[in-house]
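Enquirer: Just passing along the structure, written as structure tokens.
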Amino acid sequence: MKKLTNLMAATALTAAGALPAVAETWDMPMAYSASNFHSATGAEFAQCVTTGTGGEIEIVTHPSGSLFKGADIKRAIQTGQAPIGERLLSGHQNENALFGFDSIPFLATSFDDSDKLWKAAKPSIEKLLAEQNLTLLYAVPWPPQGLYFKNAVESVADMKGIKFRSYNNATSRLAELTGMLPVTIEAAEISQAFATGVAESMVSSGSTGYDRKVWESLGFFYEVDAWLPRNYVMVNSEVWADTADAHKNVIKGCAELAEYAGNWRAKEYTGFTLQGLRDGGMTVGPASDQMVGELKEIGVTMTNEWLEAAGDEGKAIVDAFKASQ
Ligand code: PCA
């Protein structure tokens, strides 16, 4: 409808003999809270595009899953219900194992390695997205993933039967392999889930625990550094094809800036949010040697399962990453 209105406005003005630019609004759904660093980066990106195109393309962000919930964002953009948006890349692992390259336990556990792994995987991911009518603009990692619990946990045996909030296939599988009970819940809804006891643990970054104030319900964060999953910003490929080259250049420039700023923020936010969890009253520290050893064994199982599911292309990503380390 908006497109049609713009088109009619453009036609009317063209008929009148002038060729002024027609302003467009691009609504940008995002799944995480406005205070989250990905959302802050997205808001800056939106402002950069709006300013850079002289207001001809105005991007308006909608954080906290307020326009579309995380799980619905990709479909909304593929089908043109929204032109642009952000989503957790590994959230698509249920469609194709390749999307889960960044959630393999203990494969890439630092920002440097996560960057190398992303470079190895990016061509495959861009191709997969392109097949789905989506153009990748930028991607930013989350801080390293650790384990949250209500009470102290010393070993995998202590996890048995605990209700575990998952956010993708890999996190559900981790729960199964540790004897926990996975329940998939969007980050925007976890405070409630923990407060009501629907979930009592999760794997996530200090950043998400801090944003959702999980110290109100949980007591412990173990810095396991299991992996660094990534959020990405995509645009509908038809919208992209219809975008003027000058505007595409602005958007690409803003995307590069956003990727840089987002990476920087992710690193800064790691220590800041872990301190925030402590200030909230949580115990934050490394996991016991026993727990790390047991989790690494589970990591081997999950790596093998992923390699099997992701086939030759998956193996090529892991090989390329290892060669770049
Ligand atoms: N936060 C997101 C994904 C990874 C992270 O650190 C979440 O918990 O949903």
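Enquirer: So for region 229-249 (the condition being of a type outside the set (Phe, Trp, Tyr), within 16 Å of the ligand (Cβ to nearest atom) and farther than 25 Å from LYS74 by Cα), does at least one residue qualify?
Expert: Looking through region 229-249, none of the residues is of a type outside the set (Phe, Trp, Tyr), within 16 Å of the ligand (Cβ to nearest atom) and farther than 25 Å from LYS74 by Cα.
Enquirer: Pairs under 6 Å by beta carbon, first residue within 10 Å of the ligand (Cβ to nearest atom) and at pLDDT 95 or above in region 133-149, partner aliphatic (A, V, I, L, M) and in a strand (DSSP E or B), six or more apart or different chains?
Expert: Sorted first by the residue in region 133-149, then by its partner, the pairs are GLN145/VAL203; TYR148/MET202.
Enquirer: Take the residues of region 198-223 that are aliphatic (A, V, I, L, M) and within 12 Å of the ligand (Cβ to nearest atom): which is nearest to MET302 (Cα to Cα)?
Expert: By that ranking, first place goes to VAL203.
Enquirer: Identify the residue in region 176-192 that is part of a helix (DSSP H, G or I) and not β-branched (Val, Ile, Thr) and, among all such residues, is nearest to the ligand (Cβ to nearest atom).
Expert: ALA187
Enquirer: Inspect all residues belonging to region 60-76 and state whether any of them is crowded, with 21+ Cβ neighbours inside 10 Å, away from the ligand (no atom under 16 Å from the Cβ) and over 28 Å from LEU274 (Cα atoms).
Expert: No.
Enquirer: Looking at the structure I just gave you, is ALA195 of a type outside the set (Lys, Arg), within 15 Å of the ligand (Cβ to nearest atom) and either in contact (Cβ under 8 Å) with a residue 12 or more places away in the chain or under 25 Å from GLY262 (Cβ atoms) (or both)?
Expert: Working: of a type outside the set (Lys, Arg): yes; within 15 Å of the ligand (Cβ to nearest atom): no; either in contact (Cβ under 8 Å) with a residue 12 or more places away in the chain or under 25 Å from GLY262 (Cβ atoms) (or both): yes.
Answer is no for this residue.
Enquirer: Of all residues in region 70-102, which are part of a loop (DSSP other than H, G, I, E, B) and within 17 Å of VAL235 (Cα to Cα)?
Expert: Just the residues of region 70-102 that are part of a loop (DSSP other than H, G, I, E, B), to begin with: 79-83, 93-96.
Scanning region 70-102 gives THR79, GLY80, GLN81, ALA82, PRO83.
Enquirer: Tell me which residues, restricted to region 250-281, are within 16 Å of the ligand (Cβ to nearest atom) and of a type in the set (Lys, Arg).
Expert: The answer is ARG265, LYS267.
Enquirer: Now for a different question. From the list ARG173, ARG165, pick out the single residue that is within 15 Å of the ligand (Cβ to nearest atom) and charged (D, E, K, R). Before the answer, list the steps.
Expert: Details: ARG173 fails: within 15 Å of the ligand (Cβ to nearest atom).
Exactly one of ARG173, ARG165 is within 15 Å of the ligand (Cβ to nearest atom) and charged (D, E, K, R), namely ARG165.
Enquirer: Would you mind stating whether LYS163 is under 30 Å from ALA320 (Cα atoms), of a type in the set (D, E, K, R) and at pLDDT 95 or above?
Expert: Numbers: under 30 Å from ALA320 (Cα atoms): no; of a type in the set (D, E, K, R): yes; at pLDDT 95 or above: yes.
No.
Enquirer: Determine, yes or no, whether ALA31 is of a type in the set (A, V, I, L, M, F, W, C), in a loop (DSSP other than H, G, I, E, B), more than 15 Å from the ligand (Cβ to nearest atom) and under 23 Å from GLN132 (Cα atoms).
Expert: So ALA31 fails the test.
The values are calculated or read from the model by the stated rules, or taken from the named source; none is laboratory data. Just so you know, these numbers come straight off a predicted model, no measurement behind them. Using ideal geometry, Cβ is built from the backbone for each residue, glycine included, and neighbour counts are taken over all protein chains shown.
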